[in-house]
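Asker: One structure is given below, represented as C-alpha cells, and several questions about it will come after.
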Amino acid sequence: MSAAPQARPVRLGPRSVAALALVSAVGVAAFGWPLLADPGSGISTHAGDAPWLFAALLPLLLAVVVAGIADAGLDAKAIAMLGVLAAAGAALRPLGAGTAGIEPMFFLMVLSGRVLGPGFGFVLGAVSMFASALLTGGVGPWMPFQMLSMGWVCMGAGLLPGADTLRGRRELWLLAAYGAVASVLYGTVMNLQGWPYLGGLATGVSFVPGDPLAENLARFVAYCLATSLGWDLPRAVVTVVLSLALGPAVLKALRRATRRAAFEAPVTFGAPKP
C-alpha cells in the first residue's frame, strides 16, 4: 500500500518573494520613520499616517495573493481555506479580549503559517486581524499596524526549518518556542506604533523627536519593560500552552485539509463521455 501524499506548504515563488519583500519594506518604514523624523518638520508621530498605510496595505496584500496564484497556482480552494482560518482567528481573538495578554488566536496563526507557508501565512495574519477588528469594533489608527505585525508572525512560522521533515514533539516544541518569541516581539513592534504619541512628555520613557537614535531606542526599551511586558509574557505563555496542548490535533487537521485541497496539483481533463 502506497504512503499517503505529504502535505507541503504553499510554494513561495519569485513573485511571492518580491511581493512580500515590498510589503515588509513598507511596513518597516511605516513603523520606524518617526525615529528618523526631523523635529522641525512638525511630523513626529503616527497620528496621520495610519489611513495612508491602510490604503497602501490593501493593494499590497492583493499583490501577495496574485503572486501566490501566479507562482503556485492557488485557486478557489485556497481562498476558501483562507476565509475559514481568518474567521476562526477573528473568533478566537475576543475570547481573551486582550485581558492581561490572553490572546488565544496567536497559536492558531503560528500553526497555520507553519502548515501553509510564509506567503499564505502573511495574508492570513493580516486578514485575520482586519476581520477581528471589524468583529470587535477595534478599528482605529492601530489596525493597519496590527495587520502587518500579525502577518509577520504568520510569515515567520512558515519560514521555520523542517517544514517537510520535522514532526512530533520536536516540531511542537519548535512551534511553541517560536510562538513565545513571536508573542513578545509582536507587542514590542506594536509599541512602535503607540510610543511616538508620547512625544513631548517629560518622562524618562517618552519619545523625543529629533534626539539621537540610540537615545530614543534606550527610552523605547525602558518603555517596553515598564508598560507592555506584563501583557507580552502572558500572551507568550498562553501561546505555548495552547500550542503544546492543541497543536497535534490542529496540525493534523490543517495538513489533512491541505492534502485534500491539493493546491498545486495540475488540472487534467478527461475525454468527454460518449
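Just so you know, all these numbers are worked out from the coordinates, no wet-lab data involved. Note that this is a predicted model, so its numbers are computed, not measured. Cβ placement follows ideal geometry from the backbone for every residue including glycine, while neighbour counts extend to all protein chains displayed.
Asker: Based on the mean of other beta carbon atoms within 10 Å per residue, what is the order of 232-245, 145-158, 108-121, most packed first?
Answerer: 108-121, 145-158, 232-245
Asker: Right, another one. PRE reach from Asp211 (point 7 Å along Cα→Cβ): which of segment 220-252 fall under 12 Å by backbone N?
Answerer: In segment 220-252, the label zone of Asp211 (backbone N under 12 Å from the point 7 Å along Cα→Cβ) covers 220-223.
Asker: Find the all-direction average of the projected area of the Cα convex hull for segment 148-217, expressing the result in square nanometres with one decimal place.
Answerer: 6.1 nm²
Asker: When each pair of different Cα atoms in segment 112-251 is counted once in the 1/r mean, what is the Kirkwood radius in angstroms, to one decimal?
Answerer: Numbers: mean 1/r = 0.0608 Å⁻¹.
Evaluated on segment 112-251, it is 16.4 Å.
Asker: Rounded to the nearest 0.05, what FRET efficiency is calculated for Ala91 and Ser24 with R0 set to 35 Å and r the Cβ-Cβ distance?
Answerer: 0.80
Asker: For Ala80 and Val181, calculate 0.36 nm times their separation in residues minus their Cα-Cα distance, and state this gained length in nm to one decimal. Write out the running numbers ahead of the final one.
Answerer: Values: separation 101, 0.36 × 101 = 36.36 nm, distance 2.96 nm.
Extending this stretch completely gives an extra 33.4 nm.
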